[in-house]
Every structure is written in structure tokens, then in C-alpha cells.
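The values are calculated or read from the model by the stated rules, or taken from the named source; none is laboratory data. Remember, it's a predicted structure, so these values are computed and weren't measured experimentally. FYI the Cβ positions are ideal-geometry reconstructions off the backbone, even for glycines, and counts take in every protein chain you see.
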Amino acid sequence: MKTFVYASDLHGDFQDHKTVDTLLKFCDSFNPDVRVFGGDLFDFRNIRRGAGPMERQDSMAADVEAGMQFLRDFKPHVFLLGNHDSRLWDTAKFHENGMVRDAAQKGVRDITAKCRSLKCKMLPYESDKGFYDLGKVRFIHGYHTGIYATKKHAEVYSPTGGIVLHGHTHAIQYHSVARLNGGRGMGVGCLAQLHMDYNRHQTARMIHAHGFAYGYSDKKDWNVWQAKEGVNGKWVVAKELMTL
């Protein structure tokens, strides 16, 4: 039986520092066997589709350094690329400007080398390959959005009798699948700031929440707990274990 911590959606220099500090403090105490980071390590807002002129002029230096520092601090065993991270990989392959493409390729090499030095397995942001299994628990970044995202992830990705954990939506959500031996899904929240300029018109951000998940799993059994920031700003982590 293996213990684990799963956290997702840092977004580089858009991270929420209190949430990250809470996660690292918890890991020091819980000492999980497996640490999984669920993606969107970086924001890469200046290379997103539809980026405005001001975003395109923005430097990536602070964003990249914040993400790399988190890798050094969290030391994940598994890193699932998210859709924001994948922007760099896509730029490295497809950008029409050769100079930009070369810079993106160097960035990909640097991130890959850092993961290799940490003995961290990096998985692509691809719907049929971008998942990691630990017994009855499956980890993904996330491929659906909206209020039914956890339902869709549970229906597609949850192992029989197990659970799929996802990020991507920045929300804490749950769903149980009505099928023989069941299947469940859980959106664990995020490590990022809850309000960013480019999502200020989206109603979905009103349910964004800080959080991460932890638990244990083997081939026969599992349990998962949600760590989350309460309305009073205090963090509650399974009362029978600890309160941060």
C-alpha cells in the first residue's frame, strides 16, 4: 500500500503562496510515498491562443522560475503536463517563427532535464496517455471543463471500483458513477490565485478553490481525503489527522 499527495494547477508566478506553503508543510509531516503534480506548472499566458498585445509582450522569466522552484521544493515523482504547460511543447513544434521555436525547444529541454534530475516521470497532455495509476487511484490533469467536468472525468477515466483525481477546473467537485462496482471522480482544487485577469469574465471562477488531495492506494483498496482552505482562511486537513 502506497501513500500519496496529489496537487495541481500552480500557474507559475500566479501561484497562491499560502496554499503552496501549506502543501509543502503537509508533505513534510505526511511524508507520502508518491508525490504527483497534476499539471499547469507554468501559466505561459504570453503564448496562449488569443493572448492580447500586453500578454504577448510579457516576460516568461518570472513564470518559468516560479515553476522550476516549485519542482525543486515539491520534488514530484510524477508530473502530468497540463494544457498550459503543453503550450510550450506546441510552440517548440509548430511556431512559424524559427527564433521563437528555438527558444521554446530550449525551454522544453530545460524542464525535461530538471525532471530527469529529480527522477520525476513526466507524462504528456494527451487524453489517451496523460494519466498515472497507483493501484485503484488514477491521476490526470483534466480534459473537460464546466460544472459537469468531474462527472465526465469519472465516466471516462475512473478505474472500476476506484477513483480518478483531476485538476484543470480549479474547483473542488465530486461525482460517483452509477455502474457495477462503481467509479468516482474528484476535482481537487488548485494552488493558483483564484482570480486572474484573463478569467475575470468567466462565472466558473466563482467556484474556484484552493486544495489538494492525499490518501493511500493498492490494487484492492484506496482512500482519498480532500485538503482545502476554509472560508475563514484556515486550512483543514482531515480532522482526525491534523489541522494546519
### Query
Can you pull out the residues in the range 138-164 that are of a type outside the set (A, V, I, L, M, F, W, C), under 21 Å from Asp43 (Cβ atoms) and crowded, with 22+ Cβ neighbours inside 10 Å?
His141, Gly142
### Message
Conditions first: (1) of a type outside the set (Lys, Arg); (2) crowded, with 18+ Cβ neighbours inside 10 Å; (3) modelled with pLDDT of 95 or more; (4) outside any loop (DSSP other than H, G, I, E, B). Thr112 passes all but one, so which condition is the exception?
### Response
(2)
### Query
Only one of Gly167, Gly135, Gly185 is in contact with a Ser or Thr (Cβ under 7 Å, 6 or more places away or on another chain), farther than 25 Å from Arg48 by Cα and surrounded by 22 or more Cβ atoms within 10 Å (Cβ to Cβ); which?
Gly185
### Query
Hey, any hits in the range 71-89 for a residue that's modelled with pLDDT of 95 or more, out of contact with any Phe, Trp or Tyr (no Cβ under 8 Å at 6 or more places or on another chain), assigned to a loop (DSSP other than H, G, I, E, B) and under 30 Å from Lys25 (Cβ atoms)?
yes
### Query
Would it be correct to say that Lys25 is of a type in the set (Lys, Arg) and over 17 Å from Cys120 (Cα atoms)?
yes
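Let's see how each residue does on (1) without any contact (Cβ under 8 Å) to a residue 60 or more places away in the chain; (2) within 14 Å of Met60 (Cα to Cα); (3) not small (Gly, Ala, Ser):
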| residue | (1), (2), (3) |
| --- | --- |
| Phe79 | yes, no, yes |
| Ser86 | yes, no, no |
| Asn97 | yes, no, yes |
| Val108 | yes, yes, yes |
### Task
Evaluate the range 84-100: report whether one residue or more is surrounded by 19 or more Cβ atoms within 10 Å (Cβ to Cβ), under 30 Å from Asp218 (Cβ atoms) and among the hydroxyl-bearing types (Ser, Thr, Tyr).
no
### Query
Does Val64 satisfy the criteria of being free of Cβ contacts under 8 Å to residues at least 12 places away in the same chain, of a type in the set (A, V, I, L, M, F, W, C) and assigned to a helix (DSSP H, G or I)?
no
### Summary
Subset of the range 182-228, residues in a loop (DSSP other than H, G, I, E, B) and within 29 Å of Met1 (Cα to Cα), comes to Gly182, Gly183, Gly189, Leu191, Asp218, Lys219, Lys220, Asp221
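How many of the residues making up the range 12-45 are on the phi > 0 side of the Ramachandran plot and outside any helix (DSSP H, G or I)?
Residues in the range 12-45 being on the phi > 0 side of the Ramachandran plot and outside any helix (DSSP H, G or I): 4 in total.
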### Query
Here is a list of conditions, (1) buried (at least 24 other Cβ atoms within 10 Å of the Cβ); (2) in contact with a helix residue (DSSP H, G or I) (Cβ under 6 Å, 6 or more places away or on another chain); (3) among the polar types (S, T, N, Q), and Asn46 meets all of them except one; can you say which number that is?
(1)
### Query
Could we say that Asp40 is under 26 Å from Asp110 (Cα atoms), exposed (fewer than 14 other Cβ atoms within 10 Å of the Cβ), at pLDDT 95 or above and not basic (Lys, Arg) here?
no
### Message
Checking the conditions here, which among Gln193, Gln173 is touching a Gly at 6+ places or on another chain (Cβ under 9 Å) and either surrounded by 17 or more Cβ atoms within 10 Å (Cβ to Cβ) or closer than 23 Å to Leu10 by Cβ (or both)?
### Response
Gln173
### Task
From (1) more than 30 Å from Lys152 (Cα to Cα); (2) part of a loop (DSSP other than H, G, I, E, B); (3) touching a residue at least 40 places away in the same chain (Cβ under 8 Å), pick out the condition that doesn't hold for Tyr125.
(1)
